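To start, the structure under review is shown below, and the notes come after it.
The values are calculated or read from the model by the stated rules, or taken from the named source; none is laboratory data. Only a predicted model underlies this, so the values are computations on that prediction, with no experimental measurement involved. Every residue, glycine among them, receives a Cβ derived from its backbone with ideal geometry; neighbour counts consider all protein chains shown.
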Amino acid sequence: MKGIPVRLECYYCIRAVNHGGQCSGKTNYPAQGCLAFKADPRGCIRSTTTTVQITIYHEFPLLGVWNDDFEMGSKETEIKITKIHGIKWDRRKGYLCVICSIDYFINDFADDYQESKDKVKPVLKLVKGGAE
């Protein structure tokens, strides 16, 4: 993993409150960084509004609960659906398209991280579960 800048340590720390830890962050940033910093391999949490395609007999993930059944780009990631804006049905492909706000993990400082060439909204694909 590449070096994380001192100002971004709280966002990438596994001990931070939003990552499930107890640290509420720091108010000043010393030059050497936080002594309790431990990098979360999942990265930092970002938010976006996107369309999630759910196959016909797959259970929809619960709101506000982290779910690891999805793939963003070509990497598996955990997502948390925070708000549903709308639902539409794609009859030809057999998908339920849910327009929603999600939180997801992304690690910009991972060695194998590649920034997408086109700056479009992320595409989520279902990689686990469903009715067989």
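Of all the residues that make up region 1-25, how many are among the acidic types (Asp, Glu) and under 17 Å from TYR104 (Cα atoms)?
0
I need the full set of residues from region 47-74 which are among the small types (Gly, Ala, Ser), over 12 Å from the mean Cα position of the chain (by Cα) and at pLDDT below 90, in order please.
Just the residues of region 47-74 that are among the small types (Gly, Ala, Ser), to begin with: 47, 64, 73-74.
Keeping just the survivors that are over 12 Å from the mean Cα position of the chain (by Cα) gives 64, 74.
Matches in region 47-74: SER74 only.
Yes/no matrix, rows are residues, columns are (1) of a type in the set (Asp, Glu); (2) modelled with pLDDT of 90 or more; (3) assigned to a strand (DSSP E or B); (4) more than 14 Å from ARG46 (Cβ to Cβ):
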site	(1), (2), (3), (4)
GLU76	yes, no, yes, yes
ILE84	no, yes, yes, yes
ARG92	no, no, no, yes
LYS119	no, no, no, no
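Within region 57-70, the only residue that satisfies the criterion of being in contact with a Leu (Cβ under 7 Å, 6 or more places away or on another chain) and surrounded by fewer than 17 Cβ atoms within 10 Å (Cβ to Cβ) is HIS58. For beta carbons closer than 9 Å, sequence separation of 6+ or different chains, a first residue in region 64-89 that is on the phi < 0 side of the Ramachandran plot and a second that is modelled with pLDDT of 90 or more and in a loop (DSSP other than H, G, I, E, B), the qualifying pairs are LYS80/GLY64; LYS80/VAL65; ILE81/LEU62; ILE81/GLY64; ILE81/VAL65; THR82/GLY64. Condition check for PRO61 on (1) in the same structural domain as LYS128 (by TED's automatic domain parsing); (2) assigned to a loop (DSSP other than H, G, I, E, B); (3) in contact (Cβ under 8 Å) with a residue 24 or more places away in the chain: one failure, at (3).
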